[in-house]
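S.K.: Input: one structure, supplied below.
The values are calculated or read from the model by the stated rules, or taken from the named source; none is laboratory data. Being a predicted model, the structure only gives us computed values, none of them experimental. Note: ideal-geometry Cβ built from the backbone for every residue, glycine included; neighbour counts use all protein chains shown.
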Amino acid sequence: MRVHYDNEVDAIYIKLGNKKPDGVVEISEGVNLDTTSENKIVGIEILNASKKMNIKTILSYELEIDKKLLQKTA
């Protein structure tokens with residue numbers, strides 16, 4: 001996962017995989033999910049991000065992983 005913040009346009013893009021998106025689903029105004037043809041989510045775009053969230057939080061985060069979940073995907 002990669003997180004990119006563009007302060008010139010106040011947008012965050014969260015890249016969730018390496019597949020190229022084939023479509024976009026707008027889930028609310030300025031919040032879009034990039035999807036593949038198999039309806040897999042590969043990215044999240046948040047426009048006017050600083051008005052919707054604390055930018056410092058998304059750019060410095062901790063990842064907690066449930067070990068049971070990892071075992072299911074292996």
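S.K.: Looking at the range 1-26, which of the residues that are among the hydrophobic types (A, V, I, L, M, F, W, C) and in a strand (DSSP E or B) is modelled with the lowest pLDDT?
M.R.: Looking at the filtered set, the residue picked out is 3.
S.K.: Run down 29, 45 and say which single residue is of a type outside the set (Ser, Thr, Tyr), surrounded by 15 or more Cβ atoms within 10 Å (Cβ to Cβ) and at pLDDT 95 or above.
M.R.: After applying the criteria, what remains is 45.
S.K.: Go through the range 23-60 and give me each residue that's in contact (Cβ under 8 Å) with a residue 24 or more places away in the chain and not aliphatic (A, V, I, L, M).
M.R.: 43, 45, 48, 50, 51
S.K.: Quick one: is residue 56 part of a helix (DSSP H, G or I), among the basic types (Lys, Arg), modelled with pLDDT under 90 and farther than 21 Å from residue 18 by Cβ?
M.R.: When the stated conditions are applied, residue 56 passes them.
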